[in-house]
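Only one structure is covered here, and it is reproduced in the block below.
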Amino acid sequence: MSFCSLETLPCASKMIVTVDEKLIDEWISECDAKTWESRKREIIQTFSSASSLNGSFLNHSGDQHYQTTVENSGLDLSLARLAFEKLAKNQTVLKQVGSVVRDTLLRSLSDAPPGVEDLRIYLILPELLRVLPVDRDLCANFAGAVGKLQPDCLKTLEGLWSKLPKSFFKSLVKVIRLACTWFLHKMRTEQEDFRISVEKTANVLQKLYEVNYNSRWKIEDRNFYINEMKIFITSFPGGLPPDAYIIDCMLQFLFNRLVLYPGIFDKETKCMVFLRDKLCKHFLNASLGNSLRNHLCVNRKSLLTDTFQQLRNNDRDFLWPLQVQFVNEDGIDEGGSPQEFFTLVARKILLLEPKMLQLFEDSRLVWFMPEGHQDRDAHRLLGVLCGMAMYNQCIVNFNFPLALFKKMLGFMPTLEDLKELSPIEARNLQGVLDADEDGLEQMYLDFTARGHEVVPDGREISVTKSNRQQYVEKYVDFIFNKSVEKQFFDFLGGFSQGCPNELWKMFLPEELMALLSGNVDYVWDELKKNAIYKGYMPTDINIKNFWTVFFELSEEKKKNFLSYTTASNRLPMGGLAEMKITIVNHNVPNPDYFHPVATTCNYHLFLPNYSSIDILRKKFVHVISIHKGFGTD
C-alpha cells in the first residue's frame, strides 16, 4: 500500500515531491555518512514545502481529493498516521523532519492560504506532533501559525476540524493540551518566560474547544482541561497579598490572559479563578481607601420601589460585598439577608405589572417582553440585580432559558433553544422543515413571526421548500434577538455593572445558568454526607432520628427544608455536594416544647434534643410546612 502518489504540475518537467512508502523506507534504512547527507537534502526539500505536504496522504477512494470542499479535506489521515509512526522508528530521521518543519516550513506559511487544499497541512502536521512529543517548540510554532490565520481561513479550518473523525480530533487536542501544560509548568519552575508559548497553545486549544462545543460534544470536556491551572492558582500566597500593587505576576497573567481561553479550565478551576480575582479587587479597593459601599436598606412592603430607587443612585461601589438590611429588622447578617433579598426580588419581579418578563405557559420559562416596560431602565436594573447576585455568590432564579446565557456569552440561539422556551411554537417550525411540498403549500406561510415581518416585505414572500430553512432561522432570530434587542442589551449592560468581575465570561452557558439560577440536581444523600455537627455526634439518637424523618419527606418538603435553612431551594453549581449545613444542639430546657430554628446566614439548624422521633417529626415537619418562603407581608 502506498501512502501517497506524486502530483504533477502543468509543466511536466516540474514535479511536487510528496511522501510515499518507498521514500519513507529509504529514509529510515541504514546508511553511511555520505548517503545521510543526501537524505537530509531530500528531507529539507520535502518538508520545507507546504505544497509537498498538502499533496501528500490524499484519499484516492472515488477521487475524493479532486472534490475538496469545506466539508471534505480530501485527505486520508490514517495514511499520515501510519507514515509518521514509521518515521518514528528512526529517531534521527524523525528529529531531522521535525527541525525542518519547525524552523523552515511553519515560518513560511501564509496567513491567508488561497484555498481549502492549502489548509490540509494543518490537519497533517498534528500527526507528526503526535510522534514528536518532546519537541514543544514545534508544537508552539504550529499553534502560532494557526493563530496567525486570517479570520475567514481560520473559520474554514475550524470547519475541517469539525469533520475530523473522533480519534484524529482527540489526538489533535491531546497534542496541544500536553504542550500547553508543559509550557505552563516551565513558566512556574524556570526563570525563562514561556508566556508567549502558553498563549499560543492555549489559543488553539480554545478554538478546538469551541469546535467541540458547536459540534455537540465530539469528545468529553475533560480532554481540554489543564490540571496545572489549579496548581497555578493555589500557588498564590494564602490570605491577602502583602502589597496591593505587587500581586504575583503569574497569577495576574492567569487572570488577564489565560481567562480568554476558558475551555482549558474545569468548572471548579473557573470558580477558583473568579473568587481569587474578586479577592484581589476587594483588597485593592480597600487599599485605595474607597469610601463608597454596597449597602441596600429596603422595606419588605415596598421592596422593588426601594431597590430600584437606590440602584438608580450612583453612590455605591459594586466591588464591595452586598449588604442588605430590612427596615425594622435586626442588623445586617453574615450573608443570609442577601440571599433572602434575591429570593424575594425574583418573586416580586415575576409578579410585577406591567410585566417586563413574558411567561411561556408550555415551558414555565420567561423571556423579555417585546413591548418593553414602562420604566425606561427596568431591564438595566434587572441586569444589575442579576450581576450583583452573581458577584455575591447568591442565587436569583427568574426561570430564564439557556438561550439568555448563550447570548450573554456570544453564542447564537438556535431552534433547539426555542424548543426549550416555547415547545409548541418550535414544534410547528420543525413541522415546516419536515413537511413535503404539498404539506408546505397548505400551510400558507409567509416571512412573518408573531405578526412581524422578519425580512423586508416579508408578508409578500411565501415559505417554500427552497427557503424554509432561512424562514426558520429568521423566525428564531426574531424571537431571541430582533424583537428584544434593546431589552437584552440593557440587561447585559446592567449585568456587567452589577458584576464588576468580567471573569464571568469564562463560564459556559450551562455553567453560568447554574451559577446564577441554581442547580436542580438534588442528590439528598450528599446533604447528609456533608453535614457538620455542633453539640451532637453523628451517632447520637436525635441525629439518627432527624435523618430518618428527613428522608421520609416528600421531594417538595425536602426543598422546603432547603428554603428554610438557606433562603433558596435552588443549589449552587456543584449541587448538594457543595453545600454544608450545620446542625447545632439547641440546648434549651424542656426541648419538646420548641421547634427547630434556622439561620440562613450560615446554614445553621438549631435542633432541640427531642425525647422521641415522634416529637421530632411533629415539630420539624410543622416548621417546614408553614414556611412559605421569605417576604410574607
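Points worth noting:
- Distance from the C-alpha centroid of region 278-311 to that of region 155-206: 41 Å, rounded to the whole angstrom.
- Extension gain, residue 465 back to residue 275 (0.36 nm per residue minus Cα-Cα distance, nm): 63.2 nm
- The alpha carbon convex hull volume per residue for region 105-194 rounds to 101 Å³.
- Cross-link reach list, aspartates and glutamates versus residue 618, counting only Cα pairs under 13 Å and skipping chain neighbours closer than eight places: 552, 592
- 10 Å beta-carbon shell around residue 417, net charge (K/R +1, D/E -1): +1
- Those GluC sites (Glu not before Pro) in region 15-97 that DSSP places in a loop and that have at most 10 other beta carbons within 10 Å: 30
- Excluding same-chain neighbours fewer than eight residues apart, the lysines reachable from residue 163 by a Cα-Cα span under 16 Å are 155, 207, 218.
- Per residue, the convex hull spanned by the Cα atoms of region 491-633 measures out at 141 cubic angstrom.
- Close amide H contacts of residue 368 (hydrogens built in the peptide plane, cut-off under 5 Å, sequence separation of 5 or more or a different chain): 358.
- Stokes-Einstein D for region 503-546, Kirkwood Rh over Cα pairs, 20 °C, 1.002 mPa s (µm²/s): 160
- Pairs exceeding 30 Å between alpha-carbon atoms, taken from 355/482; 95/200; 278/474; 148/407: 278/474.
- The alpha carbons of the chain occupy a box of 101, 67, 52 Å along the principal axes, longest dimension given first.
- In this structure the chain gives 47 Å² per residue of accessible area when probed at 1.4 Å with all protein chains present.
- Protein heavy-atom surface of region 77-224, 1.4 angstrom probe: 47% of the accessible area is carbon and sulfur, with nucleic acids and ligands not counted.
- Placing +1 on the Cβ of every Lys and Arg and -1 on the Cβ of every Asp and Glu, with no other charges, gives the chain a dipole of roughly 1420 debye about its Cα centre.
- Of the trypsin sites (Lys or Arg not before Pro) found in region 57-148, those that fall in a DSSP loop while having at most 15 other beta-carbon atoms within 10 Å are 89, 148.
- Longest exposed-site-free window of the chain, the sites being chymotrypsin sites (Phe, Trp or Tyr not before Pro) in a DSSP loop that have at most 11 other C-beta atoms within 10 Å: 1-216
- Residues of type lysines that residue 580 reaches as a straight line, Cα spacing below 22 Å, ignoring anything fewer than 8 places off in the same chain: 267, 270, 528, 529, 534, 544, 557, 558, 559
- Helix-only CD estimate at 222 nm, as mean residue ellipticity for the chain, using -39500 (n - 2.57) per DSSP H run (n ≥ 4): -15500 deg cm²/dmol
- FRET efficiency for the residue 167 to residue 60 pair, using the beta carbon distance and R₀ = 22 Å, is estimated at 0.60.
- Carbon-plus-sulfur accessible fraction, region 427-520 (probe radius 1.4 Å, protein heavy atoms only): 49%.
The values are calculated or read from the model by the stated rules, or taken from the named source; none is laboratory data. The shown structure was predicted, so the numbers you read here are calculated from the model rather than taken from an experiment. FYI the Cβ positions are ideal-geometry reconstructions off the backbone, even for glycines, and counts take in every protein chain you see. Accessible surface areas use protein heavy atoms only, side chains included; no ligands, DNA or RNA. Shrake-Rupley method; radii C 1.70, N 1.55, O 1.52, S 1.80 Å.
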